[in-house]
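Structure first, commentary second.
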Amino acid sequence: MAAPVRIVTVVGNPRPASRTHGLARTLAAEIANVLQGATVGEADLALLGPRVLDQADAGAAAAVGEVLAADVLVVASPTYKATYSGLLKAFLDRLATGSLAGKAAVPLLLGGAPNHQLAVDVHFTPLLLELGAAVPVRGLFVLESDVDGFASFAATWATANGAALARG
C-alpha cells in the first residue's frame, strides 16, 4: 500500500493568521479531501520572520524539513510589487536548486488588482520550477474581492486538479 500523500502549505505572508494563510489552508484541505488519506502540514513563515535568514535557526530548519517531506506543496503569498513576498523568497533561498524534485507545487497569489495576475506565471512558477518542483496545473491568482467565495472555488478546483497533483 502506498504511503498517504503529504500536502504542505508554505505561507509567505509576514502577518500571522492572514487571508493568504486562510486561502492556503482552504486549498490544501480541499486537495486532501480529493486525495483520500492525505495528510496536511504547514510552514507559516510569519511565525519565523527574520529567522528564515539564520541558517542555524531550528524553527526555520524544521520548516525546511516539512517542505522537503511533502509530496504536494501549496505555496502562497500576497502579491508585493507584482510578485511574491520577500519573506517567501528568503525562505525558498534556503532550498538548493532541484531540491523539490518529485514534488508537485501549486503557486497561489493573493492580490488587489487583476493586472498582477500574470505574476503567478511570470515570476512565481519559474521559481518553483528552478527548485525542481513540478507545476502540473496552472497557479492561482485570487483577487482580494474573491476571498469570501474561495472555499467553493477551491473545492471545485481540487476535484478537477487533484489527480494531476498526485501524479506530480
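The figures follow:
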{"item": "Hits in the range 142-165 (condition: of a type in the set (Phe, Trp, Tyr), touching a residue at least 60 places away in the same chain (Cβ under 8 Å) and touching an Asp or Glu at 6+ places or on another chain (Cβ under 9 Å))", "result": "Trp157"}
{"item": "Selected residue (only one of Val75, Val122 is in contact (Cβ under 8 Å) with a residue 60 or more places away in the chain and outside any loop (DSSP other than H, G, I, E, B))", "result": "Val75"}
{"item": "Meets criteria (more than 15 Å from Ala24 (Cβ to Cβ) and surrounded by 14 or more Cβ atoms within 10 Å (Cβ to Cβ)) for Leu109", "result": "no"}
{"item": "Answer from Gly49, Gly41 - the residue that is touching an Asp or Glu at 6+ places or on another chain (Cβ under 7 Å) and free of Cβ contacts under 8 Å to residues at least 40 places away in the same chain", "result": "Gly41"}
{"item": "So Leu127, is it hydrophobic (A, V, I, L, M, F, W, C), under 20 Å from Gly86 (Cα atoms) and part of a helix (DSSP H, G or I)", "result": "yes"}
{"item": "Pick from the range 94-119, criterion aliphatic (A, V, I, L, M) and outside any loop (DSSP other than H, G, I, E, B), ranking: farthest from the chain's Cα centre (by Cα)", "result": "Ala119"}
{"item": "Residue match in the range 28-46 (condition: crowded, with 24+ Cβ neighbours inside 10 Å, touching a strand residue (DSSP E or B) at 6+ places or on another chain (Cβ under 6 Å) and more than 18 Å from Ala63 (Cα to Cα))", "result": "yes"}
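Laboratory data are not the source of any read-out in this text; all were calculated from the coordinates shown. Just so we're clear, the structure is a prediction, and the values are computed from it rather than from any experiment. Positions of Cβ are generated from backbone atoms using ideal geometry, with glycine treated the same way; all protein chains shown enter the neighbour counts.
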